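Structure record follows, encoded as structure tokens.
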Amino acid sequence: MKSISLSNSIRRGSASIDLNDVLDMKKALNIVRYYDTPEYGITEFPDERMFSAIEKFQKDRKIKVDGIVNPKGETEKAINEELKVSARSPIVRCTVCGGPHGGSKGDLCPQCDSKM
Ligand SMILES: [Zn+2]
């Protein structure tokens, strides 16, 4: 997956949510490591885990945290940027703080590694 292009807004309780959008969004969030595959798999149905992942992503990218992704909106663009980066080199996240790191210190970023 190289990018996502929503046909409708993704938001909690939306009646006009597009299920293909949801599937794309979950796959994208999974690639950029914000959405872990649940025990029931990646489905086209919106779940709270997806909205939490969107909010965490927005927080990390300093975007307004509202759990809403609009077509061509700021969050969609930011996710596409991150997809591009992860296509070049897989993003490895620190198991302690969740920050990205180069992977040279195993599972930890240099800051957390120096505290161990
Ligand atoms: Zn860390």
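Every number in this text was worked out from the coordinates using simple rules, so none of it is lab data. All values reported here derive from a predicted model rather than from experimental measurement. Glycine gets a Cβ as well: all are built from the backbone with ideal geometry, and neighbour counts include every protein chain shown.
Summary table below
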item: Top positive-direction residue, dipole computed over the chain with Cβ charges, set 65, 43, 109; result: 109
item: Computed E for residue 45/residue 96 - FRET, C-beta separation, R0 25 angstrom, nearest 0.05; result: 0.20
item: Formal net charge of residues neighbouring residue 12 (Cβ-Cβ distance under 13 Å; K, R +1; D, E -1); result: -2
item: Net charge contributed by nearby residues that have their C-beta within less than 14 Å of residue 65 (K/R +1, D/E -1); result: +3
item: Stokes-Einstein D for segment 1-91, Kirkwood Rh over Cα pairs, 10 °C, 1.306 mPa s (µm²/s); result: 123 µm²/s
